[in-house]
Amino acid sequence: MNGGSHTMVIGGIIYYGQNYFTSRLIDTDGSVFYNDGIMNKKQCIYEGQFINYSPDKLWTHGSSRASAVIYYSY
């Protein structure tokens, strides 16, 4: 990475439970959206601002547990 420092930012979390995957997406403005393709099809549901989430709230969604975290750098 060219020897410079980079900030790593969380961009999403993938959850597994009930035999399928769901996700939370974190927008660049801190908005959190939840997607369950089976229940909501292509629609993402706004859940609030990332700053208001505790680690426990991020680790789970309903009965599903986080299985992967997606980061990006800038």
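For the stretch 1-35, taking the residues that are over 20 Å from Asp56 (Cα atoms) and among the polar types (S, T, N, Q), the one that is modelled with the lowest pLDDT is identified as Asn2. Of all residues in the stretch 55-74, those that are under 10 Å from the mean Cα position of the chain (by Cα) and of a type in the set (Val, Ile, Thr) total 2.
Close Cβ contacts (under 6 Å, 6 or more residues apart or on different chains) running from residues in the stretch 56-71 that are over 11 Å from Arg24 (Cβ atoms) to residues that are aromatic (Phe, Trp, Tyr) and part of a strand (DSSP E or B) comprise Ser67/Tyr16. If the condition is being more than 12 Å from the chain's Cα centre (by Cα), assigned to a strand (DSSP E or B) and either within 20 Å of Tyr74 (Cα to Cα) or aliphatic (A, V, I, L, M) (or both), then the stretch 1-44 contributes only Met8. Counting the residues of the stretch 14-28 that are within 15 Å of Gly48 (Cα to Cα) and out of contact with any Phe, Trp or Tyr (no Cβ under 8 Å at 6 or more places or on another chain) gives 1.
If the condition is being more than 12 Å from the chain's Cα centre (by Cα) and part of a helix (DSSP H, G or I), then the stretch 45-54 contributes Ile51, Asn52. Does Val32 count as within 15 Å of Ile10 (Cβ to Cβ), in contact with an Asp or Glu (Cβ under 9 Å, 6 or more places away or on another chain) and surrounded by 10 or more Cβ atoms within 10 Å (Cβ to Cβ)? Yes: the conditions hold for Val32.
In the set (1) part of a helix (DSSP H, G or I); (2) under 30 Å from Gly3 (Cα atoms); (3) of a type outside the set (S, T, N, Q), Leu58 fails one condition alone, (2).
The values are calculated or read from the model by the stated rules, or taken from the named source; none is laboratory data. Only a predicted model underlies this, so the values are computations on that prediction, with no experimental measurement involved. Positions of Cβ are backbone-derived with ideal geometry, glycine not excepted, and every protein chain shown enters the neighbour counts.
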